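For reference, the structure is listed below as structure tokens.
The values are calculated or read from the model by the stated rules, or taken from the named source; none is laboratory data. Source: prediction; values computed, not measured. Here Cβ is always computed from backbone atoms with ideal geometry, including for glycine, and neighbour counts include all displayed protein chains.
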Amino acid sequence: MAILDPTTTASDRPPPPPRDRCCAVREAATAELDAFEALDRAGVRAWQRDRLREQVAHARRHAPFYRHRLRALPPAAGEDPAQLPFTTKDDLRGGYPFGLLAVPLADVARYGESTGTTGAPTSSAITYQDWVRGNVSTARSLAHRFGPGDLVFVAIPYELSFAAYDLDRALETVGAAVVGTGILSAVCPVERTARMIAELRPAGIVCSPTRALRLHDLLRDAGHDPAALGVRTVLYVGETCSPAKLAKISRLWQAELVPAYGTTETNSLALSCALGRAHLTEDRHLFEVLDPDDATPLAAGRAGELVLSTLLAQAMPLLRYRTGDLVSVDPDPCPCGSVRATVRHHGRVGDRLHVAGRTLDRLDLEEAVLSVSGTGLYYAAGVVGEALHLRVECPDRPAHLVRREVADRVRARFGVTPEVGEVDRATVGRAMDAMLKPGNLTLADLDAAR
């Protein structure tokens, strides 16, 4: 399973027919995944150590960025990730567009870029083998829930992204029919997506959790009962949310909510098993969980920043890449039997709120707020001056009671007394329809939507 030499120039011999090439690469990737799943945890660690050493050599030899970054390291460096320097988002921006590319451009099968919403865009690239390796894993995950006769809406961005196409192709592989609506499209705005769901009655929807809420509201406002439309599974991507919010969405749709997690630079990083737990793609990445402030390793189960190193990437190897995502890895094996560890995504490091000398995890804050009886589906938080401000939806109980209980719950949980106001669902809807990532709803977004 060693990495093929990506600098080999194209042969004068004609390439194999596309169908033969596709089948051969997919069969090899499937065999690799089967072999990995047969390992025990000690075998996983040994396998990853060997692959990391190969990946470091590959990056050092062929990627301009790493040729410079790793020049002072001894030739044998690579078995221990702690020996390697970090790669950051700024490094990716500085290497835009091809500074981290480790293969000839002729070998690139797909090229993508980040949205650029938080700074200059970063680039990503994969070879055909990189693409199929990931897609085989995605198809295996989706096969737990979808098959022939199932219609599935893919309501996440297709533009410049790998994720939508990866899920699209994997759904085809397992026999499902795909409705590629995307999001924020002039051709298919969210209102049209809702109307199509009412007419086509899909078995599944791929979207963010907050988009699932918006679709529910639109369907309900149009006189439909979303729970009666036959949606069994909402595969949620692009954002994370608290157990309280997930439970509310599940009840509204009467559907199972299943996570998938990835980044622009790597595509999938965690895919769900039959039990709905997100398993890290440890066959393709080595993961570390570090303290986001001082980069020291954290004990299993503690939440910290996810740092990854690719193990098999041909086009764009990444070594100790600081994702900026907060995660916790479960130290116990999953009852499904997979050797791969399970992960919970807690949001972004940069989304933490700093108030009164305390650091608040947004997901923990969301859980505290939305678990209060009488809160609705939406809330927003922000720091104004030195104070924490919250706005909550209060559809089922008197707002003054809900607001007081939210303030009490947050004070008890975090030692911070918030200012709690109310927000109506119409304002939230207007704000969300203008956002690529509606899960990142802020006070400023609500103010702009008034």
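Take Arg322 and decide whether it is part of a strand (DSSP E or B) and within 30 Å of Arg67 (Cβ to Cβ).
Numbers: part of a strand (DSSP E or B): yes; within 30 Å of Arg67 (Cβ to Cβ): yes.
Spelling it out, Arg322 is indeed part of a strand (DSSP E or B) and within 30 Å of Arg67 (Cβ to Cβ).
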Determine, yes or no, whether Phe65 is outside the structural domain of Met435 (by TED's automatic domain parsing), part of a helix (DSSP H, G or I), touching a residue at least 24 places away in the same chain (Cβ under 8 Å) and farther than 26 Å from Ala170 by Cβ.
yes
For Ser161: the one exception among (1) among the polar types (S, T, N, Q); (2) under 23 Å from Trp253 (Cβ atoms); (3) in contact with a strand residue (DSSP E or B) (Cβ under 7 Å, 6 or more places away or on another chain):
(2)
Do you know which residues across the range 276-296 are out of contact with any helix residue (DSSP H, G or I) (no Cβ under 9 Å at 6 or more places or on another chain), touching a residue at least 60 places away in the same chain (Cβ under 8 Å) and assigned to a strand (DSSP E or B)?
Ala278, Leu280
Over the range 198-213, the set of residues within 22 Å of Ala431 (Cα to Cα) and either acidic (Asp, Glu) or assigned to a helix (DSSP H, G or I) (or both) is Pro209, Thr210, Arg211, Ala212, Leu213
Output the residue which, of all residues in the range 259-275 that are part of a loop (DSSP other than H, G, I, E, B) and within 15 Å of the chain's Cα centre (by Cα), is surrounded by the fewest Cβ atoms within 10 Å (Cβ to Cβ).
Thr264
From the list Ala77, Ala109, Ala35, Ala120, which residue is closer than 30 Å to Ala164 by Cβ, among the small types (Gly, Ala, Ser) and more than 25 Å from the chain's Cα centre (by Cα)?
Ala35
Give the residues of the range 157-189 that are touching a Lys or Arg at 6+ places or on another chain (Cβ under 8 Å), closer than 26 Å to His279 by Cβ and among the hydrophobic types (A, V, I, L, M, F, W, C), sorted by residue number.
Phe162
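Quick one: is Tyr321 of a type outside the set (Gly, Ala, Ser) and closer than 23 Å to Pro209 by Cα? Before you say what the answer is, go through the steps one by one.
On the way: of a type outside the set (Gly, Ala, Ser): yes; closer than 23 Å to Pro209 by Cα: no.
No.
Every residue, every condition in (1) basic (Lys, Arg); (2) without any contact (Cβ under 8 Å) to a residue 40 or more places away in the chain; (3) crowded, with 24+ Cβ neighbours inside 10 Å, yes or no:
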site	(1), (2), (3)
Pro243	no, no, no
Trp253	no, no, no
Leu298	no, yes, no
Leu306	no, yes, yes
Arg322	yes, no, no
Leu326	no, yes, yes
Cys336	no, no, no
Limited to the range 67-92, what total is found for residues that are surrounded by 12 or more Cβ atoms within 10 Å (Cβ to Cβ) and of a type in the set (A, V, I, L, M, F, W, C)?
6
Six or more apart or on different chains, Cβ under 7 Å: which pairs go from a residue in the range 33-54 that's under 20 Å from Asp130 (Cβ atoms) to one that's surrounded by fewer than 17 Cβ atoms within 10 Å (Cβ to Cβ) and not polar (S, T, N, Q)? Could you list them?
Leu52/Glu79; Arg53/Glu79; Glu54/Ala2
Being within 30 Å of Ile156 (Cβ to Cβ) and either crowded, with 16+ Cβ neighbours inside 10 Å or touching a residue at least 40 places away in the same chain (Cβ under 8 Å) (or both) is the filter here, so list the residues in the range 395-433 that pass it.
Val423, Arg425, Thr427, Val428, Gly429, Ala431, Met432, Asp433
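Any idea which of Gly112, Gly99, Gly95, Gly43 is surrounded by fewer than 22 Cβ atoms within 10 Å (Cβ to Cβ), at pLDDT 95 or above and touching a Leu at 6+ places or on another chain (Cβ under 6 Å)? First the steps, then the outcome.
Values: Gly99 fails: touching a Leu at 6+ places or on another chain (Cβ under 6 Å); Gly95 fails: touching a Leu at 6+ places or on another chain (Cβ under 6 Å); Gly43 fails: touching a Leu at 6+ places or on another chain (Cβ under 6 Å).
The match here is Gly112.
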Would you check which residues across the range 219-249 are touching a Pro at 6+ places or on another chain (Cβ under 9 Å), hydrophobic (A, V, I, L, M, F, W, C) and more than 22 Å from Arg277 (Cβ to Cβ) and list them?
Leu219, Leu229
